[in-house]
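The values are calculated or read from the model by the stated rules, or taken from the named source; none is laboratory data. The structure presented is a predicted model; accordingly, all values stated were derived computationally and were not measured. Here the Cβ positions follow ideal geometry from the backbone for every residue, glycine too, while neighbour counts run over all protein chains shown.
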Amino acid sequence: MPAVKPTEGLEVSENSQLAQKLSEGASVLVNYNWNPHKRGKYQITFSGTQRAGILRGSRKVPTLSCSLEVWPALDASPSVQYKWLTPNGGAVFLVTAQHGHPPGPLIQYQAVLNGTELSFAGVNPGTVTHRSHAGGVAVLMWQAEAKYPPSAQQFELTINPATKTNEEYWSKLASRIRIDAQSVEK
């Protein structure tokens with residue numbers, strides 16, 4: 001049976017069946033239950049010795065490495081990245097959320113941006129549920145279905161300016177856009 005060595009922060013669950021005997025020519029599926037301590041990428045190494053009895057003895061099994069990426073059930077703070085300019089001088093930003101298994105089938109997102117000269121034009125894909133711009137704060141809320149199996153969800157968020165701007169302005173603005181996400185029932 002292989003020895004399993006995960007990187008720090010990832011443990012093999014006690015109920016994982018790590019050793020099994022095989023008859024000649026047989027194979028067996030071994031399941032490992034992982035307990036991550038936090039989100040991130042983990043490296044796992046499998047190594048060991050194959051024992052074949054008295055006549056053949058034993059030999060080293062080639063080492064196999066793989067990686068495992070752990071996401072939270074709900075990515076409460078999706079990332080924002082500037083993408084490109086729009087013909088009217090606005091900009092499109094890429095919002096990326098990495099949800100594991102959200103508790104509900106819908107995710108509600110809220111984008112907030114301080115700036116009297118800016119307003120949210122929309123989001124794609126997703127269903128806009130609220131849009132406002134008051135007191136120098138622009139807010140856009142939208143909903144989207146959680147994806148199964150889990151995969152990164154991406155949205156294009158469009159912002160319109162009141163005055164003409166350039167690429168440098170929009171690139172710096174990405175860090176000022178706050179995105180929050182929460183799970184909701186249908």
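Assigned to a strand (DSSP E or B) and hydroxyl-bearing (Ser, Thr, Tyr): does that describe SER119?
yes
Which ones in segment 91-120 are modelled with pLDDT of 90 or more and closer than 19 Å to LEU173 by Cβ?
ALA91, VAL92, PHE93, LEU94, VAL95, THR96, TYR109, GLN110, ALA111, VAL112, LEU113, PHE120, listed by residue number.
Only one of VAL95, VAL112, VAL61 is in contact with a strand residue (DSSP E or B) (Cβ under 9 Å, 6 or more places away or on another chain), closer than 17 Å to ALA144 by Cα and either touching a residue at least 24 places away in the same chain (Cβ under 8 Å) or in a strand (DSSP E or B) (or both). Can you tell me which?
Going through VAL95, VAL112, VAL61 in turn, the sole match is VAL95.
Can you name the number of the only condition in (1) surrounded by fewer than 11 Cβ atoms within 10 Å (Cβ to Cβ); (2) outside any loop (DSSP other than H, G, I, E, B); (3) not small (Gly, Ala, Ser) that PRO87 fails?
(2)
Collect the residues in segment 172-186 that are surrounded by 13 or more Cβ atoms within 10 Å (Cβ to Cβ), among the small types (Gly, Ala, Ser) and not in a strand (DSSP E or B), keeping them in residue-number order.
Passing the criteria: only ALA174.
Could you tell me whether segment 129-137 includes any residue that is farther than 17 Å from VAL80 by Cα and surrounded by 18 or more Cβ atoms within 10 Å (Cβ to Cβ)?
No, that holds for no residue.
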